[in-house]
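Scroll down for the structure; my scribbles are underneath it.
The values are calculated or read from the model by the stated rules, or taken from the named source; none is laboratory data. Bear in mind that the values here come from a model prediction, so they are computed numbers and not experimental data. Glycine also receives a Cβ, built like all others from the backbone with ideal geometry; neighbour counts cover every protein chain displayed. Ligands, DNA and RNA are excluded from the accessible area calculation, which covers all protein heavy atoms including side chains. Shrake-Rupley method; radii C 1.70, N 1.55, O 1.52, S 1.80 Å.
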Amino acid sequence: MATTLPVKISFSLPDGWQPAPPDEVGAPSVAFVALHPASVDGGFTANITIAGRMRNDGATIRQIADESVRRLGQAGEVRVLKKQDVGTPDLPGLTDAPGVVQNLRLSTTLRGAPLELAQSQVYLGLEDTKNPAERAVIELVLTAKPGQLPEVLEDFKEFVRSVRADEN
């Protein structure tokens, strides 16, 4: 069953991306999925997912990003190509929240066949102003085959720039 986000957000999908029910596309642990049908390559469709949860364990946003690498490593080889801190806690808007961007390469299998994937992950931390020990962590992820990246990477950057905390 698809999850819900711990905070409300708003965003805009670039042209060519279509929302899909997480449960129907095999992503029950996320709150939102968008597919890029024009990019289908060998049965794999580039996709964007949004997930999030509350954290009160004191883990840094970098440690949370590292957890993702370890989880993905259970399904195959993972290489971190780039990791970079982003955002500032002094500016409004979700994408200005302190966070980490990491770019990964994954070697896994799909239906028994080898599959090479690229992921761009954005982790954003939003402190609870009423309880600073708690914070929401939002995960924005683009997953594509390396050959699909030229077609979808700029769209993902546009999408990430559009994400905002929704006050309503």
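At-a-glance table
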{"quantity": "Some residue of region 51-65 being buried (at least 16 other Cβ atoms within 10 Å of the Cβ) and under 16 Å from Thr143 (Cα atoms)", "calculated": "yes"}
{"quantity": "So Val30, is it touching a residue at least 24 places away in the same chain (Cβ under 8 Å), in a loop (DSSP other than H, G, I, E, B) and in contact with a helix residue (DSSP H, G or I) (Cβ under 8 Å, 6 or more places away or on another chain)", "calculated": "yes"}
{"quantity": "Scope region 109-153; condition within 19 Å of Phe44 (Cβ to Cβ), modelled with pLDDT of 85 or more and not hydrophobic (A, V, I, L, M, F, W, C); matching residues", "calculated": "Pro114, Glu116, Gln119, Ser120, Gln121, Thr143, Lys145, Pro146, Gly147, Gln148, Pro150, Glu151"}
{"quantity": "Whichever residue in region 121-141 is β-branched (Val, Ile, Thr) and out of contact with any Gly (no Cβ under 8 Å at 6 or more places or on another chain) and, among such residues, is most open to solvent (accessible area, probe 1.4 Å)", "calculated": "Thr129"}
{"quantity": "Selected residue (only one of Ala38, Ala31, Ala46 is modelled with pLDDT of 90 or more and open to solvent by 50 Å² or more (accessible area, probe 1.4 Å))", "calculated": "Ala38"}
{"quantity": "Index of the failed condition, Ala118 passing every other in (1) in contact with a Pro (Cβ under 8 Å, 6 or more places away or on another chain); (2) more than 24 Å from Gly16 (Cα to Cα); (3) open to solvent by less than 10 Å² (accessible area, probe 1.4 Å)", "calculated": "(2)"}
